1. Yes or no: the range 211-218 includes at least one residue that is touching a helix residue (DSSP H, G or I) at 6+ places or on another chain (Cβ under 9 Å) and within 30 Å of Ala44 (Cα to Cα).
2. Determine if the range 64-74 includes at least one residue that is closer than 18 Å to Ile173 by Cβ and open to solvent by less than 60 Å² (accessible area, probe 1.4 Å).
3. Select from the range 158-199 the residues that are within 16 Å of the chain's Cα centre (by Cα) and of a type in the set (Ser, Thr, Tyr) and list them in ascending order.
4. Of the residues in the range 249-284, how many are farther than 19 Å from Leu181 by Cβ and of a type in the set (Val, Ile, Thr)?
5. Any idea which residue in the range 42-54 is farthest from the ligand (Cβ to nearest atom), counting only those that are in contact with a helix residue (DSSP H, G or I) (Cβ under 7 Å, 6 or more places away or on another chain) and closer than 15 Å to Gly150 by Cβ?
6. For the range 15-24, does any single residue satisfy the condition of being within 21 Å of Val178 (Cα to Cα), in contact with a strand residue (DSSP E or B) (Cβ under 8 Å, 6 or more places away or on another chain) and surrounded by 14 or more Cβ atoms within 10 Å (Cβ to Cβ)?
7. Inside the range 157-205, can you point out the residues that are surrounded by 14 or more Cβ atoms within 10 Å (Cβ to Cβ) and β-branched (Val, Ile, Thr)?
8. Out of all the residues in the range 49-79, which are in contact with an Asp or Glu (Cβ under 7 Å, 6 or more places away or on another chain) and among the polar types (S, T, N, Q)?
Amino acid sequence: MRVFKKKDDIQGFIRHLHDKKQVIGFVPTMGALHAGHISLIEAARQQSDFTVCSIFVNPTQFNDPKDLEKYPRTIEKDLRLLALHNCDAVFYPDVAEVYPSGTGEHRPHYDLGQLEFILEGKYRPGHFQGVADVVSRLFYTIGPDRVFFGQKDLQQCKIIEKLIAGNPDFQKIQMNRVPTLREPDGLAMSSRNTRLSPGELRKAPAIYQTLQYLKEHLAPGDLSALQADAQELLVRNGFRPDYVSIAYTRTLEACRFWDGQSPLTGLIAAFLGDVRLIDNLELC
Ligand code: PAF
């Protein structure tokens, strides 16, 4: 497995692969890899000739500096795991390599529509601008044919789809959403789970149980009581919810009154101690 720190080096290497008509699969990550990431690598390997993974903790997508500081960094372990799973190359740049003009105000602005301001966007202002910026820089560097993102970050998947659709340079990129991998108790795999205490880990599956509760109790009509019950269930299990949303799957806008037909998705973000977890489930 090749490890690149410099843009020019990986670009030169990938240019040769493109000349040989190889299909490049790309999995962007922030490291602290777990089985969920490996499922992305495996999906990329199945659908590409050459698989590249990036490991970069992107400062511009953290609105809380403490969250950035606490983000787990496990590069040696990550590289061993990627090699074990036959990833072909890793891009592991420094901040200055990705943001040569710094991470300040003058960065480009991306038109992400209403999706930027709801759910995660409401509670983490600027987050999706940071995601769009780094992903766009990584796409220019790697020049992937296929990209792989986890469905656990459903809103992020939709943002990436918008980014691809809105940029003529990205038209050849095929976006792949990979289903969420869960622990046997239902907890969605996430790098943040490593920050949960043993006690919190026992409580954490309640987030998935709450999504299942929404699915089981969904009925046409006013959804406000169901939404409030789900929120209450989370609180009883020790969570501090940012949101519990029953949303239209297509737009992720909240659905208040269900016609019994439109596809819906449940989305939750909630704190357990000082760890913020998110999850989502297709309800119908
Ligand atoms: O999902 C993540 O890990 C990050 O948001 C991403 C896509 C790697 C961009 O930094």
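1. Yes, because at least one residue in the range 211-218 is touching a helix residue (DSSP H, G or I) at 6+ places or on another chain (Cβ under 9 Å) and within 30 Å of Ala44 (Cα to Cα).
2. No, the range 64-74 has no match at all.
3. The answer is Thr180, Ser190, Ser191.
4. Matching residues across the range 249-284 total 2.
5. Within the range 42-54, the match that is farthest from the ligand (Cβ to nearest atom) is Cys53.
6. Among the residues of the range 15-24, at least one is within 21 Å of Val178 (Cα to Cα), in contact with a strand residue (DSSP E or B) (Cβ under 8 Å, 6 or more places away or on another chain) and surrounded by 14 or more Cβ atoms within 10 Å (Cβ to Cβ), which makes the answer yes.
7. Selection gives Ile159, Ile160, Ile164, Ile173, Val178, Thr180.
8. Across the range 49-79, the qualifying residues are Thr51, Thr60.
The values are calculated or read from the model by the stated rules, or taken from the named source; none is laboratory data. Values in this document were obtained by computation on a predicted structure and should not be read as measured data. A quick note on method: Cβ atoms are made from the backbone with ideal geometry, for glycine too, and the neighbour counts reach across all protein chains shown. All accessible areas refer to the heavy atoms of the entire protein, side chains included, with ligands and DNA or RNA removed. Shrake-Rupley method; radii C 1.70, N 1.55, O 1.52, S 1.80 Å.
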